[in-house]
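This report concerns only the one structure given below.
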Amino acid sequence: MTATQPAQVPPHNLEAERSVLGAVLLDERHLYMLLVEEQLRPEHFFRDQHGAVFEAMLDLHNNERKIDHLTVAETLRQHGKLEGVGGPEAIDELAGWVPAAGHARDYARIVRENAQMRALLTTSYEIQASVFGREAPARDLLERAERSVLEVAHDDRSKKLRSIADILHEETDRLHSLSIQKSPLTGTPSGFKDLDDRTGGFQRGNLIVIAARPSMGKSALVANIAENAALDGYPVVLFSLEMSESELAQRFVASQSRIGGEDLRRGKVPEHRWPKILEACRRLADAPLYVDDSSDTGVLEVRAKARRLHHQLKDGLGLVVVDYLQLMRHEGRIESRVEQVSQLSRGLKGLARELNIPVIAISQLSRAVEQRGGDKRPILSDLRESGAIEQDSDLVIFIYREEYYLGAESERPGEADLIIAKHRNGPVGDVVLTFQKQYPKFMNYAGSRFAE
């Protein structure tokens, strides 16, 4: 059995196509708006003859020549296409098709809309053929299909050239609003005062990488950041590839109720402490916090799910968290682990830019940290498997706990350093937090005695 295309005419509107071309012939100034504002191109026309006429108009425009019936016909003649479009008479007739030349952009939108419908139709046929041909496993075909549909959905008209005047107007309004609020934060808060003072919060469109060796508290830190931001009213989605939703829920409750995570897991919580647990659950239930614990997920799935949730929420997402980068499934046949991780980091950076929200990704560090003698504090070259992580990220934060390496000999029990190793738009340096490993929970620094 094979996929066949139904014998139906694809979506189109010839009258709108002729009206667009006629409007340009009547007033060539319309062409600039059609090119820049509506991103109209020859391939958007259903009838090849109309696409050829528009292409001739573009040729004249690019060569800074006047556009009228005569010049368009002559350009088509030079390219051997005049007779194919119906001769000079067909060009002359176009101007008569225009209901109102001032509505050229409206006609162009109709042409673009139909072109997008045809592209979607073609994509659906290709998806159908791939399924019938069993060209790949179902999961791969699903991801390929979603990617193809998203490419059709992407509208170039949303990516316009903008003047610096427009950009400055929006930015100064935003900054003025922040000044009136007298808030030091310009982004999503982490909930840790000293860190937020350094960063101004996690900024829109930024990729933030939090990295450490195992057992430093990476998952605990991002979970704390997620709950802090959500409790502050910022919608957060946490993609956990390592922990189940049940484990995450227990961590959130332990953190909020200040009841040991081990006691919670083993059911050793005294009855008189249950009101604290129920109150913690109430606060968390009211927070805009979303969790996905799919263990086998790729960047395409993360982007698709985040995109859907972002558009479902009234004010969109405030933060996306991925735990962690090296566990994500790469797309395609890439053998090099370095290239695989590079693909993932680029994909997450693309998500941050697309939705204009901060994205936090956990990353592992290489064993070089342990192999170094003396100081075990991480440096940028310790980022595991890919220099692209450093390149794609706007903010890189390492977690370092001296107590982990020195044990009882450490002079800093219960303390954790957040090392800001890269900060594209701000200062680098260290931030000290209190780490209470019994929950586990990071807190604003209050001295090591509070970690007991």
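Scan segment 30-88 for residues that are under 19 Å from E15 (Cβ atoms) and small (G, A, S) and the total you get is 3.
Table: residues versus (1) in the same structural domain as M33 (by TED's automatic domain parsing); (2) surrounded by 14 or more Cβ atoms within 10 Å (Cβ to Cβ); (3) within 29 Å of L300 (Cα to Cα); (4) touching a residue at least 12 places away in the same chain (Cβ under 8 Å).
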position	(1), (2), (3), (4)
K66	yes, no, no, yes
T71	yes, yes, no, no
Q78	yes, no, no, no
K81	yes, yes, no, yes
G84	yes, no, no, yes
A90	yes, yes, no, yes
A95	yes, yes, no, yes
A108	yes, yes, no, yes
Q116	yes, yes, yes, yes
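In a residue-by-residue description of segment 438-450, the property of being among the polar types (S, T, N, Q), in a loop (DSSP other than H, G, I, E, B) and surrounded by 14 or more Cβ atoms within 10 Å (Cβ to Cβ) applies to at least one position. Residues that are hydrophobic (A, V, I, L, M, F, W, C) and out of contact with any strand residue (DSSP E or B) (no Cβ under 7 Å at 6 or more places or on another chain) were ranked within segment 365-378; the one that is surrounded by the most Cβ atoms within 10 Å (Cβ to Cβ) is V369. If you go through segment 56-73 and pick out every residue that is within 12 Å of V24 (Cβ to Cβ) and assigned to a helix (DSSP H, G or I), you end up with 8.
When D375 is tested against the conditions (1) closer than 30 Å to Q343 by Cβ; (2) part of a loop (DSSP other than H, G, I, E, B), the lone failure is (1). The residue of segment 163-220 that is modelled with the lowest pLDDT, among those that are over 22 Å from V432 (Cβ atoms) and touching a helix residue (DSSP H, G or I) at 6+ places or on another chain (Cβ under 9 Å), is T186. Of the residues making up segment 386-416, those that are surrounded by fewer than 21 Cβ atoms within 10 Å (Cβ to Cβ) and out of contact with any strand residue (DSSP E or B) (no Cβ under 8 Å at 6 or more places or on another chain) number 13. Filtered by the rule that a residue be charged (D, E, K, R) and modelled with pLDDT of 90 or more, segment 127-141 gives no residues. Tell me, please, whether a residue that is at pLDDT 85 or above, assigned by TED's automatic domain parsing to the domain that holds K305 and touching a His at 6+ places or on another chain (Cβ under 9 Å) can be found in segment 225-238. The answer is yes; a qualifying residue exists. Taking the criterion of being under 11 Å from the mean Cα position of the chain (by Cα), under 15 Å from S240 (Cβ atoms) and surrounded by 20 or more Cβ atoms within 10 Å (Cβ to Cβ), the residues of segment 300-319 that qualify are V302, A306, L319. Here I362 fulfils each of the conditions (1) surrounded by fewer than 19 Cβ atoms within 10 Å (Cβ to Cβ); (2) within 18 Å of L327 (Cβ to Cβ); (3) within 26 Å of the chain's Cα centre (by Cα) apart from (1). When segment 120-156 is filtered for residues that are assigned to a helix (DSSP H, G or I), among the small types (G, A, S) and over 22 Å from R303 (Cα atoms), the ones remaining, listed by number, are A129, S130. Candidates in segment 239-251 are the residues that are closer than 16 Å to G217 by Cβ and surrounded by 20 or more Cβ atoms within 10 Å (Cβ to Cβ); of these, the one that is modelled with the highest pLDDT is S240. Restricting to segment 219-258, name every residue that is charged (D, E, K, R) and free of Cβ contacts under 8 Å to residues at least 24 places away in the same chain. Of everything in segment 219-258, just one residue is charged (D, E, K, R) and free of Cβ contacts under 8 Å to residues at least 24 places away in the same chain, namely E247.
In segment 26-43, which residue that is touching a residue at least 40 places away in the same chain (Cβ under 8 Å) and part of a helix (DSSP H, G or I) is nearest to H69 (Cα to Cα)? Please lay out each step first, then the result.
First, pick out the residues of segment 26-43 that are touching a residue at least 40 places away in the same chain (Cβ under 8 Å): 26-28, 30, 33-34, 36-40, 43.
Going one step further and asking which of them are part of a helix (DSSP H, G or I), we end up with 26, 30, 33-34, 36, 43.
Details: L26: 9, H30: 15, M33: 20, L34: 18, V36: 23, E43: 21 Å.
My answer is L26.
The residues of segment 220-238 that are surrounded by 20 or more Cβ atoms within 10 Å (Cβ to Cβ) and either acidic (D, E) or more than 24 Å from N356 (Cα to Cα) (or both), listed by number, are A220, E227.
Within segment 252-262, does at least one residue satisfy the condition of being more than 20 Å from G316 (Cβ to Cβ), of a type outside the set (V, I, T), surrounded by fewer than 15 Cβ atoms within 10 Å (Cβ to Cβ) and at pLDDT 80 or above? Looking for residues that are more than 20 Å from G316 (Cβ to Cβ), of a type outside the set (V, I, T), surrounded by fewer than 15 Cβ atoms within 10 Å (Cβ to Cβ) and at pLDDT 80 or above, one finds none in segment 252-262, hence no.
The values are calculated or read from the model by the stated rules, or taken from the named source; none is laboratory data. Nothing here was measured: the structure is a model prediction, and the numbers come from that model. Here the Cβ is made from the backbone with ideal geometry for all residues, glycine too, and neighbour counts use every protein chain on show.
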